[in-house]
Amino acid sequence: MEETEGIVFDIQHFSLHDGPGIRSTVFFKGCPLSCLWCGNPESQSPQPQLMYFTHLCAACGNCVKACPNRAMSFVTDGVRFDPSRCSACGACVPGCLRGARSVSGMRLGVREISDEVRQHWRIFQQSGGGVTVSGGEPLAQRNFLLALLRELHDEAGLHTCLDTCAKAPWAALERMLPHLDLVLLDIKHTDDEKHREWTGSGNADILRNAQKLVENQFDVLVRVPLIPGFNDADADLYDIADFLAETGLKRVEIMPYHTFGLGKYRALGKNYLLPAATGSRVPEAVDILKSAGIEVEVHSI
Ligand code: SF4
Ligand code: SF4
């Protein structure tokens with residue numbers, strides 16, 4: 001059964017890096033993986049969450065008065081947030097004049113999203129762009145995803161792209177294909193145990209889905225997040241290159257590591273567990289993947 005509403009945490013327009021042309025990108029909330037390097041930690045939980053940016057807080061106490069759940073309280077040096085009491089109701093957000101509070105995740109309907117992105121129709125036409133559904137993991141809300149893709153692709157005639165970690169049954173991904181033009185497929189590591197250690201889950205179904213996409217002759221651009229200590233050693237990169245070449249995946253985009261999401265970890269009260277990294281092995285990764293006959297691009301950050 002299709003669902004016409006889902007939880008989305010952002011819609012960005014004029015995106016140049018989520019598929020061809022100029023695009024609107026819709027970010028679904030919720031992900032089956034919990035990658036240690038995740039740049040969007042607010043995407044992992046399927047539920048709306050309050051983000052509290054303490055560096056912006058003036059300790060005025062407006063949120064303490066507004067909160068019905070006593071999640072905010074006065075302490076000697078300002079205010080304190082207790083996430084365990086927070087229902088993400090958002091009552092404290094309007095009164096925060098410093099913009100220190102926001103709720104990540106809103107329930108949106110297919111029609112609302114479609115109306116918003118269709119305003120950019122002319123730009124899509126002129127640039128060869130369209131709409132990318134990203135996350136989080138869009139397949140985690142698969143009935144909503146199907147309804148949205150049917151609307152955008154089949155009804156509105158837009159170019160659609162799915163940005164996925166592919167941690168889902170093949171049948172779920174297969175159901176989306178008639179309503180998609182391109183899949184951006186994350187391949188993070190070929191070793192199941194290492195994948196489990198760094199993302200919280202094994203990779204057997206992900207690699208199988210990659211093979212199935214090729215068997216179905218579907219247009220795929222593989223994305224490899226290049227993470228220091230995880231997959232940037234020569235041996236890891238040769239294994240990825242071998243897998244891609246053997247599977248027949250011919251195009252790769254390397255996603256360089258960054259730490260732009262650190263402030264969001266703090267705002268969610270989460271710890272960033274990845275050890276500090278030095279240096280980048282993007283040039284080496286490009287050379288190794290190219291040596292397997294793969295077309296390689298590097299994602300702009
Ligand atoms: S309303 Fe905003 S600025 Fe005032 S105490 Fe709460 S978070 Fe801080
Ligand atoms: S989102 Fe609601 S429950 Fe959470 S701190 Fe703000 S007012 Fe309280």
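For this structure, a couple of remarks:
- For Leu56, the shell of other residues with beta-carbons less than 15 Å away shows a net charge of +4, using +1 for Lys and Arg and -1 for Asp and Glu.
- Cut-off under 5 Å, modelled amide H: who pairs with Glu253 long-range: Val222, Arg223, Val224, Glu297
- Accessible-area composition of segment 160-301, carbon plus sulfur, in percent [1.4 Å probe]: 49 percent
- The chain - percent relative contact order, Cα under 8 Å, separation 6 or more: 20 percent
- Net charge, Phe218 excluded, C-beta distance under 11 Å - Lys, Arg +1, Asp, Glu -1: -3
- Label zone (Phe53, point 7 Å along Cα-to-C-beta; backbone nitrogen cut-off 13 Å) within segment 241-282: 261-268.
- Per residue accessible area in Å² of the chain, where ligands, DNA and RNA are left out and the probe is 1.4 Å: 47 Å²
- For segment 106-205, the list of trypsin sites (Lys or Arg not before Pro) that fall in a loop by DSSP and count at most 13 other C-beta atoms within 10 angstrom is empty.
- Against the rule of thumb 2.2 N^0.38 Å, how large the Cα Rg of segment 49-104 comes out: 0.96
- Those residues of segment 199-239 whose amide nitrogen sits under 15 Å from the label point placed on Glu284, 7 Å along Cα→Cβ: 226-239
- Annotation: Phe260 carries an accessible surface of approximately 150 Å², with a 1.4 Å probe and no ligand, DNA or RNA atoms counted.
- Across segment 117-204, the mean sequence separation of Cα contacts (distance under 8 Å, 6 or more residues apart), normalised by length, yields a relative contact order of 24 percent.
- Longest exposed-site-free window of the chain, the sites being GluC sites (Glu not before Pro) in a DSSP loop that have at most 16 other C-beta atoms within 10 Å: 4-301
- Share of Cα-Cα pairs in segment 1-136 lying beyond 17 Å, as whole percent: 66 percent
- In order along segment 59-66, the Karplus-derived 3J(HN,Hα) couplings, from 6.51 cos²θ - 1.76 cosθ + 1.60 at θ = phi - 60°, round to 6, 6, x, 4, 5, 4, 5, 7 Hz, and Gly and Pro are given as x.
- Using all pairs of distinct alpha-carbon atoms, the Kirkwood hydrodynamic radius of the chain works out to 20.5 angstrom.
- Overall form of segment 224-301 per C-alpha gyration tensor (a/c, 1.5; a/b vs b/c): prolate
- For segment 73-88, putting each phi into the Karplus relation 6.51 cos²θ - 1.76 cosθ + 1.60 with θ = phi - 60° gives couplings of 8, 6, 10, 4, 9, x, 10, 10, 10, 10, x, 5, 9, 7, 9, 6 Hz, in residue order, rounded to whole numbers and with x for Gly and Pro.
- Per residue, the chain reaches -8000 deg cm²/dmol at 222 nm when only DSSP H runs of four or more residues are counted, each adding -39500 (n - 2.57).
- Per-residue 3J(HN,Hα) values for segment 18-33, derived from phi via the Karplus relation 6.51 cos²θ - 1.76 cosθ + 1.60 with θ = phi - 60°, read 10, x, x, x, 8, 10, 9, 10, 9, 9, 7, 8, x, 8, x, 9 Hz in sequence order (x marks Gly and Pro).
- Cβ-defined net charge surrounding Arg107, 12 Å radius [Lys, Arg +1; Asp, Glu -1]: -2
The values are calculated or read from the model by the stated rules, or taken from the named source; none is laboratory data. Every value quoted in this text rests on a predicted model; they were computed, and no experiment measured them. Cβ sites come from the backbone with ideal geometry, for glycine too, and all protein chains shown count toward neighbours. The area values use the complete protein model at the heavy-atom level, side chains included, leaving out ligands, DNA and RNA. Shrake-Rupley method; radii C 1.70, N 1.55, O 1.52, S 1.80 Å.
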